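S.K.: Please find one structure pasted underneath; my questions will follow.
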């Protein structure tokens, strides 16, 4: 395995980075996901590209050998640690609404944890073990700057078990998480009654209405069964 540097030209026609390999034949490159092998003279004609990042290139890997997996992000590692500690949690707040299509902007993640508030030290320990910083008892900054809020009892919601039962499974940084339904996010924002919560309520309600309309249009129509009389 070796590391090589990929480049992306300013006028590249694709919207995603294109990586290429040197020293590997095309068949092996396709096998490990490097299907695009553009010539370097294209980049020379279109000016100097900018470096993106170093990426591992697997060459001469025996058949049946799996390539190495990338490391978990700090957020993914934090969520996995919660699973390992058997601490149930639900993604709530603006990020839960974004996961369901709401056009919002936010910089932090809100997690409702099934944990007595007196046991908050368990969360502080997890954050510090992973190189994060504790900004407050319920506000953490992970090693890459990601901000995480933990909530022990959100406004406007029922018991944890009741909300857990109607939440759906989603994936966040390749980790399974329970996501609070959009209508319950609206209920929580309305009960919190803060200026920033009131400001996003029209957007959330519109998103919920559009989602219901879409479900109604895509719902299959049941065909009526018609009975056929047999002639005697």
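The values are calculated or read from the model by the stated rules, or taken from the named source; none is laboratory data. What you see is a predicted model, and the numbers here were worked out from it, not measured in a lab. Neighbour counts are summed over all protein chains in view; Cβ atoms, including those assigned to glycine, are modelled from backbone coordinates with ideal geometry.
S.K.: Out of everything in the stretch 122-149 that is under 23 Å from residue 189 (Cβ atoms) and in contact with a helix residue (DSSP H, G or I) (Cβ under 6 Å, 6 or more places away or on another chain), what residue ends up being surrounded by the most Cβ atoms within 10 Å (Cβ to Cβ)?
M.R.: Applying the filter and picking the extreme gives 140.
S.K.: Residues that are part of a loop (DSSP other than H, G, I, E, B), more than 17 Å from residue 109 (Cβ to Cβ) and at pLDDT below 95: does the stretch 134-153 have at least one? Talk me through it step by step, then tell me what you get.
M.R.: Residues of the stretch 134-153 that are part of a loop (DSSP other than H, G, I, E, B), as a first pass: 137-138, 142-146, 152-153.
Of the ones still in play, those that are also more than 17 Å from residue 109 (Cβ to Cβ) are 153.
After this cut, where a residue has to be at pLDDT below 95 as well, the list is 153.
The answer is yes, given that some residue of the stretch 134-153 is part of a loop (DSSP other than H, G, I, E, B), more than 17 Å from residue 109 (Cβ to Cβ) and at pLDDT below 95.
S.K.: Exactly one condition in (1) over 30 Å from residue 213 (Cα atoms); (2) loosely packed, with under 15 Cβ neighbours inside 10 Å is not met by residue 174; state its number.
M.R.: (1)
S.K.: For residue 136, are the conditions met, namely being assigned by TED's automatic domain parsing to the domain that holds residue 204 and within 20 Å of residue 177 (Cα to Cα)?
M.R.: Considered against the rule, which asks whether it is assigned by TED's automatic domain parsing to the domain that holds residue 204 and within 20 Å of residue 177 (Cα to Cα), residue 136 comes out as no.
S.K.: On to the next question. Under 9 Å between Cβ atoms, which residue pairs at least 6 apart in sequence (or on different chains) link something in the stretch 84-95 that is in the same structural domain as residue 121 (by TED's automatic domain parsing) and on the phi > 0 side of the Ramachandran plot with a partner that is surrounded by fewer than 21 Cβ atoms within 10 Å (Cβ to Cβ) and in a strand (DSSP E or B)?
M.R.: Correct list of pairs: 93/108; 93/149; 93/151.
Yes or no, residue by residue, for (1) farther than 30 Å from residue 80 by Cα; (2) touching a residue at least 40 places away in the same chain (Cβ under 8 Å):
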{"position": "139", "(1), (2)": "no, no"}
{"position": "160", "(1), (2)": "no, yes"}
{"position": "175", "(1), (2)": "no, yes"}
{"position": "195", "(1), (2)": "yes, no"}
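S.K.: If we scan the stretch 112-128, do we find a residue that is part of a strand (DSSP E or B) and within 20 Å of the chain's Cα centre (by Cα)?
M.R.: Within the stretch 112-128, one or more residues are part of a strand (DSSP E or B) and within 20 Å of the chain's Cα centre (by Cα).
S.K.: Does the stretch 205-216 contain any residue that is at pLDDT below 95 and under 20 Å from the mean Cα position of the chain (by Cα)?
M.R.: Checking the stretch 205-216: at least one residue is at pLDDT below 95 and under 20 Å from the mean Cα position of the chain (by Cα).
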